[in-house]
1. Cross-chain or 8 or more residues apart, Cα under 15 Å: how many lysine pairs in chain A fit that? Count them up, please.
2. List the lysines whose alpha-carbon lies under 24 Å from that of B:K68, not counting same-chain residues fewer than 8 positions away?
3. If we count other beta carbons within 10 Å of each Cβ, what is the order of B:V107, B:V13, fewest first?
4. Would you mind computing, in nm to one decimal, how far apart the modelled labels at A:A98 and A:L74 are, each placed 7 Å from Cα along Cα→Cβ?
5. What list of ³J(HN,Hα) values in whole Hz, one per residue of region B:80-92 in order, does the Karplus curve 6.51 cos²θ - 1.76 cosθ + 1.60 (θ = phi - 60°) give from phi, with Gly and Pro shown as x?
6. Taking the beta-carbon count within 10 Å as an exposure proxy, list A:H7, A:H71 from fewest neighbours to most.
7. Given 25 °C and 0.890 mPa s, how large is the Stokes-Einstein diffusion coefficient of region A:1-88 in µm²/s, with Rh as the Kirkwood radius over Cα pairs?
8. Restricting to DSSP loop positions (anything but H, G, I, E, B) with no more than 16 other Cβ atoms inside 10 Å of their own Cβ, which chymotrypsin sites (Phe, Trp or Tyr not before Pro) remain in region B:1-48?
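Derivation of every value follows stated rules applied to the coordinates shown; laboratory data play no part. The shown structure was predicted, so the numbers you read here are calculated from the model rather than taken from an experiment. Every residue, glycine among them, receives a Cβ derived from its backbone with ideal geometry; neighbour counts consider all protein chains shown.
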Amino acid sequence: GAVVSQHPSRVICKSGTSVKIECRSLDFQATTMFWYRQFPKQSLMLMATSNEGSKATYEQGVEKDKFLINHASLTLSTLTVTSAHPEDSSFYICSARAGGTYNEQFFGPGTRLTVL
Amino acid sequence: KQEVTQIPAALSVPEGENLVLNCSFTDSAIYNLQWFRQDPGKGLTSLLLIQSSQREQTSGRLNASLDKSSGRSTLYIAASQPGDSATYLCNTNAGKSTFGDGTTLTVKP
């Protein structure tokens, strides 16, 4: 199957700093990328959907100014957590999809963010 | 708004047992449904993808069925092994992706 990578896999930062997470589709062009967060012992919650070259669509309750998403190319999307606080500590997972909405999503391995 | 429910939330079985995990969803207008496993602290491993026009998919000891009209899917695991211990997540794709809360499976040796 198609491969999606995330970098970094784990990051620890101080409160108030910004953290950037990269999501790359390695062997296909992703017209759409998705960002999820997962709190301990909970399921994945969709944060936003981004299409290449367009502004991201955020889910209700997700602060667009806090979670900046850029999908500048067909193989790269970035999520920047601005002015991170301890409550932003979570597991962030991206997924990528080529073509139409009926196509399969391929998931990255996730990034563990810990804000001290 | 799509709601995905997985029952049971947790399941513990002895090795070798066959078992069924259930997933129900409220909006039947889905493009596909996917089953994943997630090991503690890890990402998702895709198990089976069923397109909306399909009734089931099989891979090794796993079989997933889909009944769109009733809003149900099941994941059948045959001859369970301790290595099958993980959380199993059901995901529906209706343009937007919705996950269930998962079933945590423990297979005891």
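1. So the count of such lysine pairs works out to 4.
2. B:K1, B:K96
3. Neighbour counts put them in this order, fewest first: B:V13, B:V107.
4. Inter-label distance under the simple model: 0.9 nm.
5. My calculation for region B:80-92 gives 4, 10, x, x, 7, 4, 4, 9, 10, 10, 9, 9, 9 Hz in order.
6. A:H7, A:H71
7. The calculation lands on 179 µm²/s.
8. Hits after loop and neighbour filter: B:Y31.
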